[in-house]
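Read the structure below first, then the notes.
The values are calculated or read from the model by the stated rules, or taken from the named source; none is laboratory data. Just so it is clear, the model here is predicted, and its values are computed rather than measured. All Cβ positions, even for glycine, are placed from backbone atoms using ideal geometry, and neighbour counts span all protein chains on display.
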Amino acid sequence: MFSKINIQKSLGKDIIFFPFKAENIKENSLNLTVSKLAWTLTLTDVPQDTTEEGESFQQQEFGQARHCYVTTKDGKDYIILAPFSTTMVITNEFLATGKSIGGTIHTRVSTAALGVGHISTMIGPSYMAKLCVPLHNPTCKPIYLPVGDQFLSIIFHRLSTSIKEPNHTSKAHIDKFAKWRINLTDEQHQEIFQENLKDMKNCVAEMNKSETFRIYKKEHSWKKCFLRTVKDWASPRNVIILVIFILAILIFIVSFFPGEQSSINTWAIKSRETLMTAILLLGIQLIPNER
């Protein structure tokens, strides 16, 4: 499982997402947001068929999907999850992963609390598109999801072995849209699929166009993190302990030099054990505390 640090290190390399927002990166996950692109799936009955044993059963197939984006008061945009239905929701963010990174997708608690059925799906390595996520409303009332709000979390995992073949589910399941009777306009197809982003190199270049990401990357570089750690550590107490620590090491080293007076030499030998203990205790005090 990737921690926030692992995600930060992989950003712009093996994990790409844009539009970039730092608040989407959590302690051990990446959150994605609701877009205006969403369709409610419908099922219609077809004539009964019979099995080989002569038993009859009712078949169903997908009817015409309905676009479920609406605008409400105060200019706030929502998508509506109709009662007892499944809605296919496209994320705002384009996501791309490297050949050795996959992930699992989970419903956020705030979204599940509205009554949305738990998401149980995943993304494979070399994924490259916006996500198409099914949301279920098993309640008898419509559920309103604000466009732009975070609604799912991705937990990343690193594969033991990188894949070599292309990921066949890396196109937001557009190949299944015809089966679901979702009719996309050319503009919607381009927005979801991003055909100009066909490899990781192009995805990295696209992410680096974001000034917000460039600033974030600079602020979380190794040099910046090191300087922040030093600044947080360098309290007056720690500085005094460091000075004493260095002096103790110097005295310990000097004790090994032969002295002219036997009494000094004897004192040096007896003090080495005490100095070693002091050095160890001071060294422990210098270790930064976990936050």
Residue within the stretch 96-113 that is buried (at least 16 other Cβ atoms within 10 Å of the Cβ), in contact with a strand residue (DSSP E or B) (Cβ under 9 Å, 6 or more places away or on another chain) and part of a loop (DSSP other than H, G, I, E, B) present: yes
Test: residue in the stretch 154-165 that is in a strand (DSSP E or B) and within 20 Å of Leu37 (Cα to Cα): yes
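Conditions (1) assigned by TED's automatic domain parsing to the domain that holds Glu23; (2) modelled with pLDDT of 80 or more; (3) farther than 23 Å from Ile15 by Cβ, marked per residue:
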| residue | (1), (2), (3) |
| --- | --- |
| Gln188 | yes, yes, yes |
| Val204 | yes, yes, no |
| Glu219 | no, yes, no |
| Leu242 | no, no, yes |
| Ala248 | no, no, yes |
| Ile253 | no, no, yes |
| Gln261 | no, no, yes |
| Asn265 | no, no, yes |
Flag if Asp149 is loosely packed, with under 14 Cβ neighbours inside 10 Å and of a type outside the set (A, V, I, L, M, F, W, C): no
Neighbours by Cβ (under 9 Å, 6+ apart or cross-chain): first from the stretch 103-124, of a type outside the set (Asp, Glu); second assigned to a helix (DSSP H, G or I) and crowded, with 17+ Cβ neighbours inside 10 Å: Ile119/Thr111
Some residue of the stretch 142-150 being free of Cβ contacts under 8 Å to residues at least 60 places away in the same chain, more than 22 Å from Trp180 (Cα to Cα) and not in a helix (DSSP H, G or I): no
All positions within the stretch 9-23 that are of a type outside the set (Phe, Trp, Tyr) and under 22 Å from Ser100 (Cβ atoms): Lys9, Ser10, Leu11, Gly12, Lys13, Asp14, Ile15, Ile16
Among the residues listed as Leu159, Leu197, the single one being over 20 Å from Ser85 (Cβ atoms), out of contact with any Lys or Arg (no Cβ under 6 Å at 6 or more places or on another chain), surrounded by fewer than 14 Cβ atoms within 10 Å (Cβ to Cβ) and among the hydrophobic types (A, V, I, L, M, F, W, C): Leu159
Selection count where residues are farther than 26 Å from Asn183 by Cβ and either in contact (Cβ under 8 Å) with a residue 60 or more places away in the chain or assigned to a strand (DSSP E or B) (or both), scope the stretch 20-42: 10
